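**Student:** This is the structure I have questions about; it appears just below.
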Amino acid sequence: MLSVRNLHAAVDGKEILKGLSLEIPAGEVHAVMGPNGAGKSTLSYVLTGRDGYEVTQGSATLDGEDLLALAPDERAARGVFLSFQYPLEIPGVPALTFIRTALNAQRRARGEDEVSAPAFLKLAREKAAALKIDFDMLKRALNVGFSGGEKKRMEIFQMAMLSPRFLILDETDSGLDIDALRIVADGVNALRSPERAMLVITHYQRLLEYIKPDRVHVLAAGRIVASGGPELAHELERGGYERYEKAA
């Protein structure tokens, strides 16, 4: 599904990604772990098209289509979704209004019919109940006054509503207590399917106890320097990243 080859990217003229290559087949969940400054969030921003991240070399394709040639909204319409480490607040815009607008914009871009208000509300109630979200919270301005756990649940709720094909979770465990982590992980796991792939970015093995990856990759100094099964995350928890940083 996702193929990244020899990707180089810079921010403000400073090269962050330095020849990163990664393959994630449909139906699989891959985790990327690494120290601060390794380029993990840069990878997520490059794949989703954030301004200020300049690709200087290499390629990134989704089902053979050049992602880097598409605008951010076009990537979203193709099914690319980014769960932010620090979700944005949008004062004055109710969460339900935001999500319905996004959903119908994506459907229009794909040439599909918009979702009617009754059908949208029915789906929203079902997904909110599964994530233990108070439906009244969805009537509030998006993420304004939300706790860290509420913001992360809102991100997972958006995923459930938009049903993307390729999910990028950027440190979704950040700021979550154990109960919130379990609820968020259950929501992510419910989206696993043979037609969908996920990239989970995290510092710690803790999240991977709940979201079991098929593969784990170590990102250091802008490159993938090691890959393995889920046991690699346990090795990193015990030994840290030092030897991988030296190798990079």
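The values are calculated or read from the model by the stated rules, or taken from the named source; none is laboratory data. Please read these numbers as outputs of a predicted model, since none were measured by experiment. Here Cβ is always computed from backbone atoms with ideal geometry, including for glycine, and neighbour counts include all displayed protein chains.
**Student:** Hey, could you check the range 86-101 for residues that are surrounded by fewer than 13 Cβ atoms within 10 Å (Cβ to Cβ) and either of a type in the set (Asp, Glu) or part of a strand (DSSP E or B) (or both) and say which is nearest to the chain's Cα centre (by Cα)? Write out each step before concluding.
**Tutor:** In the first step, residues of the range 86-101 are kept if they are surrounded by fewer than 13 Cβ atoms within 10 Å (Cβ to Cβ); the result is 86, 88, 91-92, 101.
If we keep only those that are either of a type in the set (Asp, Glu) or part of a strand (DSSP E or B) (or both) as well, we get 91-92.
On the way: Pro91: 23, Gly92: 25 Å.
Within the range 86-101, the match that is nearest to the chain's Cα centre (by Cα) is Pro91.
**Student:** While we're on this one: Anything in the range 75-85 that is assigned to a strand (DSSP E or B) and farther than 14 Å from Met154 by Cα? List them, or say none.
**Tutor:** Val80
**Student:** Kindly provide the set of residues from the range 1-40 that are more than 19 Å from Ala197 (Cβ to Cβ) and not in a strand (DSSP E or B), ordered by number.
**Tutor:** Asp12, Gly13, Gly34, Pro35, Asn36, Gly37, Ala38, Gly39
Per-residue answers, yes or no, for (1) under 19 Å from the mean Cα position of the chain (by Cα); (2) surrounded by 21 or more Cβ atoms within 10 Å (Cβ to Cβ); (3) in contact (Cβ under 8 Å) with a residue 40 or more places away in the chain; (4) under 30 Å from Gln57 (Cβ atoms):
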| site | (1), (2), (3), (4) |
| --- | --- |
| Leu162 | yes, no, yes, no |
| Ser174 | yes, no, yes, no |
| Ala180 | yes, no, no, no |
| Glu231 | no, no, no, no |
| Arg243 | no, no, no, yes |
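**Student:** Among the residues of the range 46-74, write down those that are in a helix (DSSP H, G or I) and either at pLDDT below 95 or farther than 23 Å from Arg223 by Cβ (or both).
**Tutor:** Kept after step one, since they are in a helix (DSSP H, G or I), are these residues of the range 46-74: 46-48, 67-69, 72-74.
Passing the criteria: Ala69, Pro72, Asp73, Glu74.
**Student:** Of all residues in the range 65-85 being of a type in the set (Gly, Ala, Ser) and in contact with a strand residue (DSSP E or B) (Cβ under 8 Å, 6 or more places away or on another chain), which is surrounded by the most Cβ atoms within 10 Å (Cβ to Cβ)?
**Tutor:** This residue is Ser83.
**Student:** Starting from residues that are more than 23 Å from Ala233 (Cα to Cα) and among the acidic types (Asp, Glu), keep the ones in the range 3-52 and report whichever is surrounded by the most Cβ atoms within 10 Å (Cβ to Cβ).
**Tutor:** Looking at residues that are more than 23 Å from Ala233 (Cα to Cα) and among the acidic types (Asp, Glu), I get Glu15.
**Student:** Within the range 186-196, is there a residue that is more than 14 Å from Phe81 (Cβ to Cβ), surrounded by 19 or more Cβ atoms within 10 Å (Cβ to Cβ) and β-branched (Val, Ile, Thr)?
**Tutor:** Looking for residues that are more than 14 Å from Phe81 (Cβ to Cβ), surrounded by 19 or more Cβ atoms within 10 Å (Cβ to Cβ) and β-branched (Val, Ile, Thr), one finds none in the range 186-196, hence no.
**Student:** Show the residue pairs that are 6+ apart or on different chains and have beta-carbon atoms under 8 Å apart, the first residue being within the range 116-134 and under 16 Å from Gly149 (Cβ atoms), the second being in a loop (DSSP other than H, G, I, E, B) and of a type in the set (Asp, Glu).
**Tutor:** Sorted first by the residue in the range 116-134, then by its partner, the pairs are Ala128/Asp134.
**Student:** Taking the conditions exactly as written (within 20 Å of the chain's Cα centre (by Cα), modelled with pLDDT of 95 or more and aliphatic (A, V, I, L, M)), does Ala26 satisfy them or not? Walk me through how you get there before you give the answer.
**Tutor:** On the way: within 20 Å of the chain's Cα centre (by Cα): yes; modelled with pLDDT of 95 or more: yes; aliphatic (A, V, I, L, M): yes.
Taking the combined requirement at face value, the residue satisfies it.
**Student:** Right, here's the next one. Pairs only if they're at least six apart or on different chains, beta carbon under 9 angstrom, first in the range 17-39 and at positive phi, second assigned to a strand (DSSP E or B) and exposed (fewer than 15 other Cβ atoms within 10 Å of the Cβ); list them, first residue then second.
**Tutor:** Final answer for the pair search is Gly19/Asn6; Gly19/Gln57.
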